[in-house]
Amino acid sequence: MAGKNTVDKSLDLKNEVCPYTFVKSKLALEELDPGQVLEVHLGNSESASNVPRSIDLEGHEVLSVDRPETSHWVVTVRRSQQ
Amino acid sequence: MFVIGGIALGLLLGFSLQRGGYCMNTAFRSFFYEKDRSLVRAWVLVLLINVIGVQLLTELGVLYPLVAPFFWPAMIAGGFIFGVGMVLAGGCASGTYYRCGRGMLGSMGALLGFVLGTALVDGGALTWLQQSMRQPTLDVRGQEATLFNVLGIETAGLRWVLLGVLAAAAMVWLLRAPKQRFLIGWGWQRTGLVVGVLALAAWVLSAMAGRDFGLSFTQPTVALTRYVLAGDDSGISVASYMVIGVPAGALLAAKATGEAVLRIPDPRTLLRQSGGGVTMGVGASLAGGCNIGHSITGISTLSIGAIVATIFIMLGSWTMTWLIVRSESRNAQRAQKQKQKQQQQQSRAKEAFV
């Protein structure tokens, strides 16, 4: 699913914990233009569950949450149109 | 028997905290900074089970809950310091314990800091601070400061009316919850139910062992430190065995999902988390409890002190999160400006070349 979308920015937060994971993802998303895609790499299940949920409730479109390795999650998000 | 019972309860708790991703740091922060309330709901469900359960067991004569004196200066300052610390540490007291179990070295740094911070204020060089801040206490006409006594409720009937109203309000809010999306592990319902039942079981097991309190992390940590470092086992209780079981239970849960991986943060983060642990330990030992001892067990007894400490833990965590958001967004702005400047310089250089 993530492959279909060109990723405009990638963020490696595998060694970060909350609240930094959410804060950095949100700020990175706000820097993008509407419709652009952000890819966030996370290293713990709490963040991999909380970050997409919070971003979804902020109104952005969560395209996918993949788990390429046992403790590595990749969240791709499209910035909302506003 | 209490050793085995305590460790078993700790194992189950650690397992559940890991599966549910039950971090009260995230729960408290989300009130203000995020629109997701899933972990707040899990906490409210834990409280619902424990407030009703503790009251019922008290009236049945099974429990004689101990309510700490309302030493308000220490609870206000300690709660706030604890709240600031847990944001820096990347997890509350229980969150730090269970994340150590699955191999996060940042949380191990935070736990060592927590041990140091609690020892510093509780028996260490800063004991005078704890003692002086715990001097002024408030009571309600000579009785302990609980919600019932403040409201002048003396009969069992009225107590249940108040609890019924509070429980109904909590139930309505919980039942109106939207579906929890992007879930990994347990949803808030199961997490709240299991952690709530385990917290209540901790009350019963403690009562059987002659200790009139429920789940806690701060005092047992101090007791374990004293035992390990000084051979003084006077503070060791069934709660200490539970605390030992928590990281082990989390490790078992994380092994099953492949999440038990040693993970080392960058040096700055490790330092921040360790310093956060010290801050958290100082706060918890001043306030006489952490997010578990006050915000779950203390609130189960409707202690005013626990409610006040919890409010200040929240205020501390919101303040620290606000500072982080501010500094991170400044960094982001600065980086963007620098990028723009570079691009301008490059295009200017190109123009000059043409």
- prompt: Restricting the stretch B:247-298 to residues that are of a type in the set (Lys, Arg) and in a helix (DSSP H, G or I), which is farthest from residue B:7 (Cα to Cα)?
  reply: B:268
task: Evaluate the stretch A:8-27: report whether one residue or more is of a type in the set (Val, Ile, Thr), within 12 Å of chain B (Cβ to nearest Cβ), outside any strand (DSSP E or B) and under 21 Å from residue B:264 (Cβ atoms).
output: yes
message: For the stretch B:164-198, give me each residue that is within 11 Å of chain A (Cβ to nearest Cβ) and free of Cβ contacts under 8 Å to residues at least 24 places away in the same chain.
response: B:178, B:179, B:181, B:182, B:183
field: Residue under evaluation residue A:34, criteria (1) within 11 Å of chain B (Cβ to nearest Cβ); (2) touching a Ser or Thr at 6+ places or on another chain (Cβ under 9 Å), criterion not met
entry: (1)
field: Per-region count, the stretch B:12-33, residues surrounded by fewer than 23 Cβ atoms within 10 Å (Cβ to Cβ) and away from chain A (no Cβ under 14 Å)
entry: 1
task: Residues being modelled with pLDDT of 90 or more and either of a type in the set (Phe, Trp, Tyr) or touching a helix residue (DSSP H, G or I) at 6+ places or on another chain (Cβ under 7 Å) (or both): count how many of those fall in the stretch B:124-147.
output: 12
message: Condition check: assigned to a helix (DSSP H, G or I), under 22 Å from residue B:58 (Cα atoms) and touching a residue at least 12 places away in the same chain (Cβ under 8 Å). Does residue B:222 satisfy that?
response: no
query: In the stretch B:116-142, which residues are surrounded by 19 or more Cβ atoms within 10 Å (Cβ to Cβ) and out of contact with any Phe, Trp or Tyr (no Cβ under 9 Å at 6 or more places or on another chain)?
result: B:117, B:118, B:119, B:121, B:122, B:130
Residue among B:66, B:13, B:39 that alone is aliphatic (A, V, I, L, M) and in contact with an Asp or Glu (Cβ under 7 Å, 6 or more places away or on another chain): B:66
- request: For the stretch B:34-59, name all the residues that are more than 18 Å from the chain's Cα centre (by Cα) and within 12 Å of chain A (Cβ to nearest Cβ).
  value: B:34, B:35, B:36
- request: Quick one: which helices (runs of 4 or more DSSP H) lie wholly within the stretch B:1-93 and hold at least 1 residues that are polar (S, T, N, Q)?
  value: B:2-20, B:24-33, B:38-59
- request: Might you let me know whether the stretch B:300-314 holds any residue that is within 24 Å of residue A:28 (Cβ to Cβ) and assigned to a helix (DSSP H, G or I)?
  value: no
- prompt: Within the stretch B:216-230, can you find the residues that are small (Gly, Ala, Ser) and either surrounded by 24 or more Cβ atoms within 10 Å (Cβ to Cβ) or within 14 Å of chain A (Cβ to nearest Cβ) (or both)?
  reply: B:216
message: Tell me whether the stretch B:231-246 contains one or more residues that are within 14 Å of chain A (Cβ to nearest Cβ), among the small types (Gly, Ala, Ser), buried (at least 17 other Cβ atoms within 10 Å of the Cβ) and part of a helix (DSSP H, G or I).
response: no
task: Give just the number: which of (1) outside any helix (DSSP H, G or I); (2) hydrophobic (A, V, I, L, M, F, W, C); (3) within 14 Å of chain A (Cβ to nearest Cβ) does residue B:213 not satisfy?
output: (3)
- line: Looking across the stretch B:247-282 at residues that are within 14 Å of residue B:11 (Cβ to Cβ) and among the aliphatic types (A, V, I, L, M), the single one that is surrounded by the fewest Cβ atoms within 10 Å (Cβ to Cβ) is B:256
message: Looking only at the stretch A:40-64, filter to residues that are surrounded by fewer than 22 Cβ atoms within 10 Å (Cβ to Cβ) and in a strand (DSSP E or B); which one of those is nearest to the other protein chains (Cβ to nearest Cβ)?
response: A:62
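The values are calculated or read from the model by the stated rules, or taken from the named source; none is laboratory data. Quick caveat: nothing in here was measured; it's all calculated off a predicted structure. So basically every Cβ, Gly included, is an ideal-geometry build from the backbone, and we count neighbours across all protein chains shown.
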